[in-house]
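*Asks:* First the structure, which I've put down as structure tokens, then a few questions once you've had a look.
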There are 2 protein chains.
Amino acid sequence: MFAYRPPLKDIQFVLADMFQAASVLQHYPEFAEIDQDLMQQVIEEAGRYASEILFPLNAVGDAEGCRLENGQVKTPAGFASAYHQFCEAGWPALACDPEYGGQGLPHTLNSVLYEMLNATNLAWTMFPGLLHGAYSCIHRYATDDIKRTYLPKIVSGEWLATMCLTEPHAGSDLGLLRTKAIPNDDGSYRITGTKIFISGGDQDITENIVHLVLARLPDAPAGSKGISLFVVPKIFPEGERAGQRNSLICTGLEHKMGIHGSPTCTMQFDDATGWLVGEPHRGLAAMFVMMNSARLQVGIGGVGIAETAYQNSLAYANERIQSRAVNRPESRKNEPADPIVMHPAIQRLLMSQRAWVEGGRMLTYYSALLLDGAEHHPDPAQRKEMDEQLALLTPIIKAVMTDQGFAGASNAVQIYGGHGYVCETGIEQYMRDVRITMIYEGTNEIQAIDLLMRKILADKGHRLGQLLDTIDATLAANTDKAVSVAVTAVQKLTATLRDLTERVGQASLEHPVLPYHVASEMMRLTGHCILSWLWLKASQTATALRNNDPTFYDAKRHTADYYFTYILPETLQLAGVVETCLARAQTQGLQDFRGDLNVQ
Amino acid sequence: MFAYRPPLKDIQFVLADMFQAASVLQHYPEFAEIDQDLMQQVIEEAGRYASEILFPLNAVGDAEGCRLENGQVKTPAGFASAYHQFCEAGWPALACDPEYGGQGLPHTLNSVLYEMLNATNLAWTMFPGLLHGAYSCIHRYATDDIKRTYLPKIVSGEWLATMCLTEPHAGSDLGLLRTKAIPNDDGSYRITGTKIFISGGDQDITENIVHLVLARLPDAPAGSKGISLFVVPKIFPEGERAGQRNSLICTGLEHKMGIHGSPTCTMQFDDATGWLVGEPHRGLAAMFVMMNSARLQVGIGGVGIAETAYQNSLAYANERIQSRAVNRPESRKNEPADPIVMHPAIQRLLMSQRAWVEGGRMLTYYSALLLDGAEHHPDPAQRKEMDEQLALLTPIIKAVMTDQGFAGASNAVQIYGGHGYVCETGIEQYMRDVRITMIYEGTNEIQAIDLLMRKILADKGHRLGQLLDTIDATLAANTDKAVSVAVTAVQKLTATLRDLTERVGQASLEHPVLPYHVASEMMRLTGHCILSWLWLKASQTATALRNNDPTFYDAKRHTADYYFTYILPETLQLAGVVETCLARAQTQGLQDFRGDLNVQ
């Protein structure tokens, strides 16, 4: 029976045991009231909502999908009702500004909430998933008028929001977009163009939809420096036309591999009325506030989805009896076969899933705490540093955790065997659904380039160096001999990463193409640096707390061991590729394969 | 526009340029008539059939799927007609014994045929895909009576065949199966039981279906040594009941992630009449003839599917214009953006696909030549050696090439970006379809164990050692300085593999669980050994022939370079994992993670 159990104890291990989140957050004036109990209560409530309300709708949404009828999108049965319960419980407002009706709670809690929402129903979660980004973007860039009109409705969840970026010919490269915005006399704009892949572009869940639309003003320079951002409501919220429909319509729905419960809309804007958000031509910068929030959340989603895949494939492996295990216990010697969880090959698949889920959770909560600090730390210098660290981690979380979310779901299918390929079992939907996360909000290849070019090499490795200094300082301070092998491994890795960063940076002066060839490897290397450091911390934490619950904490230590023994060696491959590319750059030069690819 | 172009030139490169297949085959008396022209003609014809008839039905089959109506399976529109054309052209008979109406052509040609069938329509290909296995199994083990009745119909394709192995509680572990066979007085048997996951268990394509069914005789010992094999026709072909239906029926179809065009049937046998094939209780051995043939073909399918994914994602990358490439040519300096094939990150994805497809093709054709040699070489010692080499390569081909088929299809989706996630584009179907190949005919985890335990360690590395000796001898004889870096890399790898095999074998005496922990890594290491050797051969061949067609052969050399620079470093990771496991085995011992996995 496919199921989801909120992993409350694992969450507490990371939040409370490893990071003492409540005490950290209490130091920020806005969060002085936060304590461990409050956090625990919110998380338990979120877990109940996700497992009891959302999870049962996941397979329904997949089977039923969305329909377009007379320009109106119909969502799967139960989706609207689940959303209304979500709003009644105040979840959209969780981490929003109390001035607009928000609860003013930390992003860290919001991250835990979204891990569980994604874990139970990715398609549904895409509806509220854009709310917080839209909120941040309007909160930061819009006029007071717009804020007063839209923010309370977004914070309460009464209206949902979309990001209208992509056009048929402009996806990763938004600089190519053509949607036009012509000024009206009253300060509004007439917006005309076609947007595609708009999640929740239309739905029957909320009475109004707030579209954030990128378009070009008449005097816009070409490319990405000529894009402006507009808020374009489906229904006019006020003024003469209050209650009337704006001239925009959903003209089509995509049939997709997965996330059938989320309507992926083609939106036609035909002299639709909108209002500018932020400066003219500076729309991309404003949109990136939304985008960065979305990227973090997509990565968190990868962790959540991998958790559900893990839980269910583990349950299956405990139940499914097949073949005798090499290490079967004496007690089973008369049984014809053993639960497949006893087979080392199945343990490898499961432990890999587990190590990535738990490591990913550490990484995402660590980042969420940075986000809270970046907004609320009393010291501006600390805020700035945390913001920069978060900018460094965001592409890693987005790309690595969605790659691993997909790998985890695929491993889960593998454990189920033939039964995993069958829809009835439930697991194959997870694999189909999660696949999109490697693509949307910037493909994982683009994340790697963002990391290496804009976050690492652009400041000559300064920001990365700070992070590695922090890691090395922790390692140097270690006195626990039980983890000395791991400490050495992490030390070696930080040294390798420093060295490769330096050499790739140097070589890129002469071979500007080089970093683009090795960006994915550099990203995963950086990810492993941080993950191995976090696993070391996890191991030390578990050792310190072992006597409270030996079984639980030993499992954490053994999972850390698993990471160091079976997963970390990936860094040998990654560094190996970077080394061979460096060597090539300095000898023959790096090949442009375009010509070869097209030889038939 | 989604398309398939038979990669004739690439096929010829491997068959003719690298392996001189025609001259090799001519040395076997049965193939004295084979020449390059004949082979080329057959391959071109196969390419036409696959691209013109099968490929257009692929999306139809996915959209339409199969239906069960009153116990009768309806296949998608066009599937039956395509099959009848397939038979009329004599394709089922290609590599079969002329005594039963076969064409007596080499398996090598059959492999090329099946690469292209799989490349264009995996679901459809599963119908004839089991024919050759059923043919081999009956040909080798059945009585003359059975052979006379069934073989001509199978060879002509007039009847299709199934493998009825799996039961709800017995998949990987066939020893657990419960279907019963009770002897009748006339030498036939009454067979009763439920089989699941039976591909083509029923269909509306052929008038009769030949089921090969595993069942237990009344006096059967428990486990896998008590299984017998029976031939059970859907319609009695002769005798009193000729033309009547046997008591077996399809009671259900699975809804699956992919291969919708292939009916995955639950089959109910209810005192169905069957006849024994081979010795009582020795059914698994007979079935393994069929299984090994199927495993090879599944691996070949991985190559074919990856080829189509490559071709289409390349075409998309050539057309899709997005962002400026770091290495854009001077001629495009006024363009707002470049074809994404110019971006190094996209080139990496494409070159990885290409290198795996082409390497996989070398490996599968090399193995097909071994199969022909194992059956037709005049020298029995040679036949035996080739048979043993093939047994070593079979699990590698099955597992590695299906893993890479899936990775290639997933890379292709990634190149298409959001458009790849949409059904309309065609590529996502390939990813869904190919996923099953990692599971069926023995999961890839089971292939790894088969390789390491039964093919490598069981003879103390003797067979593997022979292969490595062959490789090392080629390397030692190399005089081409242009490939000396690659030669050194392969030499290092064979030495590593010898060393690890020796040490894993030694350590397994004390830690029998160890090889089960590292089987997947050892399999991929062995795969890379052979692939790197084949890539070296490809590179040398291309150099020798360069003047005939510099563009074509240079692309081969550059793809070899790509393999050595970007792909081969995976062996560092693989060896790294084996090393850390060896070290762990000798210090703390290897963890049994079952307990930890279940800690919540």
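Only the coordinates and a few stated rules stand behind these numbers; no lab work does. Quick caveat, the model's predicted, so the values are computed rather than measured. Every residue, glycine as well, gets a Cβ built from its backbone with ideal geometry; the counts of neighbours run over all protein chains shown.
*Asks:* Kindly express, to the nearest 10 degrees and within the range 0 to 90, the angle between helix B:55-64's C-alpha long axis and the longest C-alpha principal axis of chain B.
*Replies:* 60 degrees
*Asks:* Can you tell me the dipole magnitude for the protein assembly as shown around its Cα centre, using point charges on the Cβ only (Lys, Arg +1; Asp, Glu -1), in Debye to the nearest 20? It would help to have the intermediate numbers written out before the result.
*Replies:* Details: 98 positive and 134 negative charges, 232 e Å.
Around 1120 debye, computed over the protein assembly as shown.
*Asks:* Now for a separate question. Using Cα-only point scatterers and the Debye equation, what is log10 of I(q)/I(0) for the range A:308-409 at each q in 0.11, 0.17, 0.23, 0.25 Å⁻¹, rounded to two decimals?
*Replies:* -0.52, -0.80, -1.09, -1.18
*Asks:* Which lysines, on any chain, are close to B:K195 with Cα under 18 Å apart, when same-chain ones fewer than 8 places away are left out?
*Replies:* Once the sequence-local lysines are set aside, what remains near B:K195 is B:K180, B:K234, B:K256.
*Asks:* Along Cα→Cβ, 7 Å out, is where each label goes; now give me the distance between the ones at B:A458 and B:A242 in nm to one decimal.
*Replies:* Distance between label points: 4.3 nm.
*Asks:* If the reach is capped at under 25 angstrom between alpha carbons, list the lysines near A:K9, excluding any in the same chain fewer than eight residues apart.
*Replies:* Excluding near neighbours in sequence, the set is A:K398, A:K537, A:K556.
*Asks:* Here's another thing I want to ask about it. Please report Rg (one decimal) and Dmax (integer) in Å for the Cα set of chain A.
*Replies:* Values for chain A (Cα only, Rg and Dmax): 24.6, 86 Å.
*Asks:* Collect residues whose amide H, placed 1.01 Å from N in the peptide plane, falls under 5 Å from the amide H of B:Q591; neighbours closer than 5 in sequence don't count.
*Replies:* Here nothing satisfies the definition.
*Asks:* With an 8 Å cut-off on Cα pairs and a minimum separation of 6 or more residues, tell me the relative contact order of the range B:460-594 in percent.
*Replies:* Details: 90 pairs, mean separation 39.5, N = 135.
Once divided by the residue count of the range B:460-594, the mean separation gives 29 percent.
*Asks:* Run through the range A:1-91 and list the GluC sites (Glu not before Pro) located in a DSSP loop whose Cβ has at most 10 other Cβ atoms within 10 Å.
*Replies:* Working: sites: A:E30, A:E33, A:E44, A:E45, A:E52, A:E64, A:E69, A:E88; in loops: A:E33.
Hits after loop and neighbour filter: A:E33.
*Asks:* Here's another thing I want to ask about it. Count the net charge of all other residues whose Cβ sits under 14 Å from the Cβ of B:A285, scoring Lys and Arg as +1 and Asp and Glu as -1. Let's see the in-between values first.
*Replies:* On the way: positive: B:R140, B:K225, B:R282, B:R454; negative: B:E279.
My count for the surroundings of B:A285 gives +3.
*Asks:* So what is the calculated 222 nm ellipticity per residue for the protein assembly as shown, using -39500 (n - 2.57) for each DSSP H run with n of 4 or more, over all residues, to the nearest 500 deg cm²/dmol? Don't jump to the answer; show the numbers that get you there.
*Replies:* On the way: 40 runs with 639 residues, N = 1200.
Counting only the DSSP helices, I get -17500 deg cm²/dmol.
*Asks:* Test of the criteria: in the range A:36-139, which chymotrypsin sites (Phe, Trp or Tyr not before Pro) are in a DSSP loop and have at most 16 other Cβ atoms within 10 angstrom of their Cβ? List each step's numbers first, then the result.
*Replies:* Values: sites: A:Y49, A:F79, A:Y83, A:F86, A:Y100, A:Y114, A:W124, A:Y135; in loops: none.
Here no chymotrypsin sites (Phe, Trp or Tyr not before Pro) fit, given the DSSP loop and packing criteria.
*Asks:* Placing +1 at every Lys and Arg Cβ and -1 at every Asp and Glu Cβ, with all other atoms neutral, what dipole size does the range B:460-594 have around its Cα centre, in debye to the nearest 20?
*Replies:* Details: 13 positive and 13 negative charges, 23 e Å.
Once rounded to the nearest 20, the dipole reads 120 debye.
*Asks:* How big is D, in µm² s⁻¹, for the range A:460-594 by Stokes-Einstein at 37 °C and 0.692 mPa s if Rh is the Kirkwood radius over C-alpha pairs? Working shown, then result.
*Replies:* Numbers: Rh = 16.2 Å.
Reported coefficient: 202 µm²/s.
*Asks:* Turning to a different aspect of this structure: Diagonalise the Cα gyration tensor of the protein assembly as shown and give the resulting equivalent ellipsoid semi-axes, square root of 5 times each eigenvalue, largest first, whole Å. Before the final figure, lay out each step's value.
*Replies:* On the way: eigenvalues 497, 223, 207 Å².
Taking √(5λ) for each Cα gyration eigenvalue gives 50, 33, 32 Å.
*Asks:* Report the GluC sites (Glu not before Pro) located in the range B:230-306 that are in a DSSP loop and have at most 10 other Cβ atoms inside 10 Å of their Cβ, or state none.
*Replies:* Listed in order of number, the matching sites are B:E240.
*Asks:* Please give the FRET efficiency for B:T479 paired with B:L545, using the beta carbon to beta carbon distance and R0 = 22 Å, rounded to the nearest 0.05. Present the calculation step by step, with values, prior to reporting the outcome.
*Replies:* Details: r = 17 Å, r/R0 = 0.77.
The pair B:T479/B:L545 has a calculated efficiency of 0.80.
*Asks:* For every other residue with a beta carbon closer than 9 angstrom to the beta carbon of A:E167, add +1 if it is Lys or Arg and -1 if Asp or Glu, then tell me the sum. Working shown, then result.
*Replies:* On the way: positive: A:R178, A:K195; negative: none.
Computed value for this residue: +2.
*Asks:* Where Lys and Arg each count +1 and Asp and Glu each count -1, what net charge lies around B:L296 among other residues with Cβ under 10 Å from its Cβ? Could you put the intermediate results ahead of the total?
*Replies:* Working: positive: B:R295, B:K398; negative: B:E441.
Taking every other residue near B:L296 into account, the sum is +1.
*Asks:* Rounded to the nearest 0.05, what FRET efficiency do A:D472 and B:Q40 give with R0 = 41 Å and r taken as the Cβ-Cβ distance? Could you check? List each step's numbers first, then the result.
*Replies:* Values: r = 62 Å, r/R0 = 1.51.
Calculated transfer efficiency: 0.10.
*Asks:* Pairing the Cα long axis of helix B:514-545 with the longest principal axis of chain B, what angle in degrees results, from 0 to 90 and rounded to the nearest 10?
*Replies:* Taking Cα atoms only, the helix is inclined about 60 degrees.
*Asks:* Have a look at the range A:88-159 and give its Rg and Dmax from the Cα atoms, expressed in angstrom.
*Replies:* Reported Rg and Dmax, both Å: 12.0, 37.
*Asks:* Can I ask one more? What spacing in nm lies between the two simple spin-label points modelled at B:D219 and A:M1, each 7 Å away from Cα in the Cβ direction?
*Replies:* Modelled inter-label distance: 4.6 nm.
*Asks:* Post the alpha-carbon centroid distance, the range A:439-518 to the range A:377-426, in whole angstrom.
*Replies:* Using only Cα atoms, the two centres lie 19 Å from each other.
*Asks:* Tell me the angle of helix A:79-88 to the major Cα principal axis of chain A, expressed in degrees between 0 and 90 and rounded to the nearest ten.
*Replies:* Approximately 90 degrees, to the nearest 10.
*Asks:* Using Cα-Cα distances under 8 Å and only pairs 6 or more residues apart, what relative contact order does chain B have, in percent? Each step should come with its number before you reach the end.
*Replies:* Numbers: 1042 pairs, mean separation 77.2, N = 600.
Relative contact order comes out at 13 percent.
*Asks:* Still on this structure, please answer the following. Hey, any idea what Rg/Rh is for the range A:159-290, computing Rh the Kirkwood way over Cα pairs?
*Replies:* Numbers: Rg = 14.1 Å, Rh = 14.8 Å.
Radius of gyration relative to Kirkwood radius: 0.95.
*Asks:* Under the rule of at least 5 residues apart or a separate chain, name every residue whose amide H is placed under 5 Å from the amide H of B:I205.
*Replies:* Under 5 Å from the amide H of B:I205 lies no amide H from a residue far enough along the sequence or on another chain.
*Asks:* If R₀ is 56 angstrom, what is the calculated FRET efficiency for the pair B:D270 and A:K9, using the beta carbon separation as r and rounding to 0.05?
*Replies:* Working: r = 50 Å, r/R0 = 0.89.
Efficiency, from the Cβ-Cβ distance: 0.65.
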